[in-house]
Ligand SMILES: [Zn+2]
């Protein structure tokens, strides 16, 4: 498997549990099925993608959509929320807050440089999580237990994990990027590393990342190793008093040079500098 090619589409991750995996590191989603209804994990970005996800779900189950869970506030994960109403939308309290406060920036991030998306994104109305929590929430879906867990600031201020302990299955949202450099519009590099350390203590064999292929703990450990490597490379430049540009140009990806998303190094460096300076909460 190369970084750019991996299994995509609907992939079964456990009995009656699925991932919807997009190619080239685009945004993933998931869904868990029961006779009582379907729990959907992230609604994707555009009307076309949300509708596609819904039709993929309908190929597996005709049960009603029982819950939608937003893993965090970024538009590529939640702009499709309105297509899942009236299901309750569950998210971290900070996810709701960031979706409100940063709505315009969240929208502009996807339309700038991609005018072809504007007609689709103009259809998006702010549709917020209406059920929020702070640390943990437990959902029973049929005889299944689903734990929603917040471990702190990481890729955003409101990233949550969905853990199915009986199945050893974890939906990690953008806490995990597999075979692609992490996106950092809101990332706090050292806190994200702490959250990854806590995440790996959970009992799981299968992990669905926010971007990239379904993996195991090994892929998650690689993602964590990459984050630690980026932190080491950037922190060295910071400690030597180099400018952000000098540091970004000097980042050596080492064993991760085949990964997608290398255009993100500038943004990662900029946000890491802000974290080191204490400019990020
Ligand atoms: Zn994100």
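The values are calculated or read from the model by the stated rules, or taken from the named source; none is laboratory data. Given the structure is predicted, the values throughout are model-derived calculations rather than measurements. Neighbour counts are summed over all protein chains in view; Cβ atoms, including those assigned to glycine, are modelled from backbone coordinates with ideal geometry.
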Residue 198 passes all but one of the listed conditions (1) modelled with pLDDT of 95 or more; (2) out of contact with any strand residue (DSSP E or B) (no Cβ under 7 Å at 6 or more places or on another chain); (3) more than 21 Å from residue 94 (Cβ to Cβ); (4) not in a loop (DSSP other than H, G, I, E, B); the exception is number (3)
Within the stretch 112-151, residues in contact (Cβ under 8 Å) with a residue 12 or more places away in the chain, more than 16 Å from the ligand (Cβ to nearest atom) and within 22 Å of residue 207 (Cβ to Cβ) come out as 133, 135, 136, 137, 139, 141, 144, 145, 146, 147, 148, 149
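Can you pull out every residue in the stretch 77-88 that is within 11 Å of the ligand (Cβ to nearest atom) and touching a helix residue (DSSP H, G or I) at 6+ places or on another chain (Cβ under 7 Å)?
In the first step, residues of the stretch 77-88 are kept if they are within 11 Å of the ligand (Cβ to nearest atom); the result is 77-78.
Matches in the stretch 77-88: 78 only.
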Filtering the stretch 154-180 down to residues that are assigned to a loop (DSSP other than H, G, I, E, B), on the phi < 0 side of the Ramachandran plot and either more than 14 Å from the chain's Cα centre (by Cα) or away from the ligand (no atom under 13 Å from the Cβ) (or both) yields 165, 166, 167, 178
Taking the stretch 32-69 and the residues there that are within 16 Å of the ligand (Cβ to nearest atom) and in contact (Cβ under 8 Å) with a residue 60 or more places away in the chain, the one that is surrounded by the fewest Cβ atoms within 10 Å (Cβ to Cβ) would be 46
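Criterion first (within 30 Å of residue 21 (Cβ to Cβ) and either surrounded by 16 or more Cβ atoms within 10 Å (Cβ to Cβ) or at pLDDT below 95 (or both)) does residue 267 satisfy it?
Considered against the rule, which asks whether it is within 30 Å of residue 21 (Cβ to Cβ) and either surrounded by 16 or more Cβ atoms within 10 Å (Cβ to Cβ) or at pLDDT below 95 (or both), residue 267 comes out as yes.
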Residue 233 vs (1) over 30 Å from residue 41 (Cα atoms); (2) in a loop (DSSP other than H, G, I, E, B): all pass except (2)
Scanning the stretch 183-207 residue by residue, the ones that are under 14 Å from the mean Cα position of the chain (by Cα) and within 22 Å of residue 135 (Cβ to Cβ) total 7
Examine the stretch 250-268 for a residue that is within 16 Å of the ligand (Cβ to nearest atom), under 16 Å from the mean Cα position of the chain (by Cα) and assigned to a loop (DSSP other than H, G, I, E, B), and state whether such a residue exists.
yes
